[in-house]
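This report refers to the structure that appears directly beneath it.
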Amino acid sequence: MSKVRSYAAHDAQSALVPFEIERRDPGPHDVRIEISYAGICHTDLHQTRNHWGGAQYPMVPGHEIVGRVLEVGRQVEKLDVGDIAGVGCMVDSCRECSACSEDLEQCCEHGATWTYNSKERHSERMTYGGYSEQIVVDDRFVVKVPESLDIKAVAPLFCAGITTYSPLRRFRVGKGQRVGVIGLGGLGHMGIKFAKALGAEVTMITTSIEKGKDAQRLGADEVLLSTDGSSLAKAARSFDFLLDTIPVGHDLNPYVKLLKRDRTLVLVGALTALEPPLLGGMLMDGRKSITGSSIGGMAETQEMIDFCAEHQIVSDVEMLPIQNVNEAYARLLTNDVRYRFVIDMASLKAA
Ligand code: NAP
Ligand code: ZN
Ligand code: ZN
């Protein structure tokens, strides 16, 4: 075991503060990573504040992790010391169920082991996430990052990136399709970049007029203000695919109206109840579908990173020292993010 510095939440209300944790010594399949950068996902806020229940404290959040490999176990083949490596939301799964066998570890029937606020599969120890100096992870759950990408802006790809890439691929989004991305934060801005790179015509659907000014830079062809009822009405039945990243329960009815016949809206944001109720007629009229998606499997995560290298896609980031993490959480709550906060872990040494 080795002691490393981190930042932790100790309950659902108080600020995150410096905290010392232990990391296991690497086993034959493990990779020890010195964390350079960690993205702040809205899930970190939900989890530390116990919005979904089940929070266990102390909790070290962070599941958008990138850094350099410090040490590899003797059976690790895909990474060497010095490589850039990334870790996302999962660090283990059963590897035997039908989901794991089909490279869908995120849907493991025995429950994936999450990067934090989860129990290790073979011990009673809790997992601790990326707001820390180092992490030790089984190599199946570590992704090799091409050197050509800007490492500062790579961390968010391991959650915001894969969560948006996976459903766009599953529904074969591409040329000739009109795609809408709802909610322009960490997930949403990655959704726009991927949909554009896949050849679709992309609309950002936002509550923030100001963010609309970034449309071109992000790759969006159009902006639709979701607070403007008449613009929404004009856009009825015009979208082939919608990706909904709104982090809280909300009214789905106006968005379903935007879909063409036989098309799909994929929910990736809200885990909690969606209110007011969805009218059944919304789905029947036009035979529309709503489905959900959770991150992506490890093979697809490697595919996504390689796609990013090929298309030079990274996240738009605002860097901050770990000491500012609590302010960043407060800003997430007011949609004040352009478009992902990333912690420079070098700042932890001064904590
Ligand atoms: P984020 O950076 O905070 O962005 C969310 C955006 O949604 C906001 O910037 C805002 O965009 C819009 N929004 C927020 N509240 C809204 C409201 N009440 N009504 C309408 N729009 C609203 O969050 P994120 O990190 O992208 O995460 C989004 C959600 O996805 C979170 O709930 C997170 O837990 C979840 N998540 C799910 C997965 C998965 O595997 N399914 C993975 C990662 C995260 P505008 O300013 O453009 O309106
Ligand atoms: Zn996340
Ligand atoms: Zn499994």
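Just so you know, all these numbers are worked out from the coordinates, no wet-lab data involved. None of these values were measured; they are calculated from a predicted model. Cβ atoms come from the backbone with ideal geometry, glycine included; neighbour counts cover every protein chain shown.
A few notes on this one:
- Listed by position, the helices (runs of 4 or more DSSP H) contained in the stretch 277-351 that have at least 3 residues being surrounded by 15 or more Cβ atoms within 10 Å (Cβ to Cβ) are 298-311, 325-332.
- For the stretch 49-102, filtering for residues that are surrounded by fewer than 20 Cβ atoms within 10 Å (Cβ to Cβ), within 16 Å of ligand 1 (Cβ to nearest atom) and touching a residue at least 24 places away in the same chain (Cβ under 8 Å) leaves 6.
- In the stretch 239-250, the residues that are in contact (Cβ under 8 Å) with a residue 60 or more places away in the chain reach residues that are within 15 Å of ligand 2 (Cβ to nearest atom) and in a strand (DSSP E or B) with C-beta atoms within less than 8 angstrom, at least six apart or across chains, in these pairs: Asp244/Leu267.
Quick grid of which residues meet (1) acidic (Asp, Glu); (2) under 18 Å from the mean Cα position of the chain (by Cα):
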{"residue": "Gly269", "(1), (2)": "no, yes"}
{"residue": "Glu275", "(1), (2)": "yes, no"}
{"residue": "Leu278", "(1), (2)": "no, no"}
{"residue": "Asp285", "(1), (2)": "yes, no"}
{"residue": "Ile305", "(1), (2)": "no, yes"}
{"residue": "Gln312", "(1), (2)": "no, no"}
{"residue": "Glu318", "(1), (2)": "yes, yes"}
{"residue": "Asn326", "(1), (2)": "no, no"}
{"residue": "Val337", "(1), (2)": "no, yes"}
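- In the stretch 259-288, the residues that are at positive phi form Cβ pairs under 7 Å with partners that are surrounded by 16 or more Cβ atoms within 10 Å (Cβ to Cβ), at six or more places apart or across chains, as follows: Gly286/Leu259.
- Within the stretch 113-135, being assigned to a loop (DSSP other than H, G, I, E, B) and over 17 Å from His46 (Cβ atoms) holds for Glu120, Arg121, His122, Ser123, Glu124, Arg125, Tyr128, Glu133.
- Among the residues making up the stretch 230-268, none is in contact with a helix residue (DSSP H, G or I) (Cβ under 7 Å, 6 or more places away or on another chain) and small (Gly, Ala, Ser).
- The set of residues from the stretch 141-172 being assigned to a helix (DSSP H, G or I) and farther than 15 Å from Arg340 by Cα comprises Phe141, Tyr165, Ser166, Pro167, Leu168, Arg169, Arg170.
- The one condition in (1) assigned to a loop (DSSP other than H, G, I, E, B); (2) over 14 Å from Tyr339 (Cα atoms) that Leu184 fails to fulfil: (2)
- Subset tally (residues that are away from ligand 3 (no atom under 16 Å from the Cβ) and at negative phi) for the stretch 80-119: 10
- Residue list for the stretch 6-21, restricted to those being surrounded by fewer than 18 Cβ atoms within 10 Å (Cβ to Cβ) and either among the hydrophobic types (A, V, I, L, M, F, W, C) or assigned to a strand (DSSP E or B) (or both): Ala12, Ala15, Val17, Pro18, Glu20
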